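The values are calculated or read from the model by the stated rules, or taken from the named source; none is laboratory data. Model, not experiment: these values are computed from the prediction. Cβ coordinates were reconstructed from backbone atoms using ideal geometry, including for glycine residues, and neighbour counts include every protein chain displayed.
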Amino acid sequence: MLKRESRDGVEILTIDRQGFGNSISSGLTTELLEALEDLASDIGLHAVVITGAGEKFFCTGGDVKEYRTIETPEDLNAHFERTRRAMDLLEALPVPVIAAVNGYALGGGAEILLCCDHRVADERAEIGWPQSRLGIIPAWNGIDRLVRDCGPRVASRLMTTGVRIPAKEALALGIVDQLAAPGEALKDALAHAELLRAAAPMALRFTKKVIKATGDQPPEAVRQLQRDGFAELWFSADHKEAEAAFAEKRAPVFKGR
């Protein structure tokens with residue numbers, strides 16, 4: 001199941017299938033799709049944190065037992081397209097998404113963290129894409145995301161060998177951004193989310209929008225997006241509130257508009 005917890009503008013999504021390595025079943029995919037569609041329209045949201053239940057697994061990918069019931073290419077595509085959509089929605093959320101990698105992130109679990117904007121990993125965690133050893137490739141568009149993050153040479157080594165790498169190496173390669181002491185990944189992820197709460201929600205959204213545009217739009221389109229966004233934010237209620245708060249020497253109270 002997928003557990004949801006809201007903490008003053010921060011949503012925590014916990015994959016809770018500890019007896020199954022926190023793997024993603026079709027039922028959990030449905031829950032994830034519903035949650036992400038709901039969060040996409042939450043104007044008061046500052047950040048989303050995704051993690052796994054327990055201390056051993058972040059996520060070990062898809063539910064292998066379910067896959068054994070798939071008999072045709074049509075059924076295969078229908079099954080996996082739902083999870084691909086969930087990954088796309090996670091990546092496309094308008095606010096920063098933070099992965100709290102509390103344990104093993106393997107296969108599809110390692111693909112999930114590639115959809116996140118900031119990644120905190122327990123120093124004991126291990127990350128890997130073993131699909132090539134199973135005669136397949138990552139199912140949820142993880143190859144192009146890893147190339148985007150680390151370049152083709154690193155992606156080739158990790159994807160073709162299927163080796164697991166420790167969190168420390170993942171940090172050096174830029175796959176994760178921060179290491180946490182044992183058992184502290186969620187705590188540190190929430191600390192990062194707390195930093196984001198000082199920012200106006202609209203500013204967070206525009207910043208993420210521009211950053212994403214740099215990867216798929218020409219430079220002039222990105223510049224125009226920044227110009228338009230700056231003007232819109234300048235005349236927003238939140239910017240006026242920030243100016244008033246500065247003059248009155250108090251913390252601003254943002255409304256997301």
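Quick notes
- Contact map, the stretch 188-209: residues that are within 21 Å of K240 (Cα to Cα) paired with residues that are assigned to a loop (DSSP other than H, G, I, E, B) and of a type in the set (S, T, Y), Cβ distance under 9 Å, separation 6+ or inter-chain. Pairs shown: A200/S236; M202/S236; A203/S236.
- Number of positions in the stretch 208-235 that are of a type in the set (S, T, N, Q), modelled with pLDDT of 95 or more and surrounded by 14 or more Cβ atoms within 10 Å (Cβ to Cβ): 1
- Filtering D38, D42 for residues that are surrounded by fewer than 24 Cβ atoms within 10 Å (Cβ to Cβ) and in contact (Cβ under 8 Å) with a residue 24 or more places away in the chain leaves a single hit, D42.
- If you go through the stretch 163-182 and keep only what is without any contact (Cβ under 8 Å) to a residue 24 or more places away in the chain and buried (at least 17 other Cβ atoms within 10 Å of the Cβ), you end up with just L173.
- Within the stretch 229-238, the presence of a residue that is among the charged types (D, E, K, R), without any contact (Cβ under 8 Å) to a residue 24 or more places away in the chain, out of contact with any His (no Cβ under 9 Å at 6 or more places or on another chain) and in a helix (DSSP H, G or I) is excluded.
- The stretch 86-102, residues that are among the aliphatic types (A, V, I, L, M) and part of a loop (DSSP other than H, G, I, E, B): L93, V95
- Residue match in the stretch 206-219 (condition: part of a loop (DSSP other than H, G, I, E, B), outside the structural domain of V95 (by TED's automatic domain parsing) and not hydrophobic (A, V, I, L, M, F, W, C)): yes
- Residue satisfying condition, being of a type in the set (D, E, K, R) and out of contact with any strand residue (DSSP E or B) (no Cβ under 8 Å at 6 or more places or on another chain), within set K208, K187: K208
- Verdict on E11 being surrounded by 13 or more Cβ atoms within 10 Å (Cβ to Cβ) and either closer than 30 Å to A237 by Cβ or not assigned by TED's automatic domain parsing to the domain that holds N102 (or both): yes
- Taking the stretch 54-109 as the range and being in contact with a strand residue (DSSP E or B) (Cβ under 8 Å, 6 or more places away or on another chain), among the charged types (D, E, K, R) and within 19 Å of A35 (Cβ to Cβ) as the test, the residues that pass are D63, E91.
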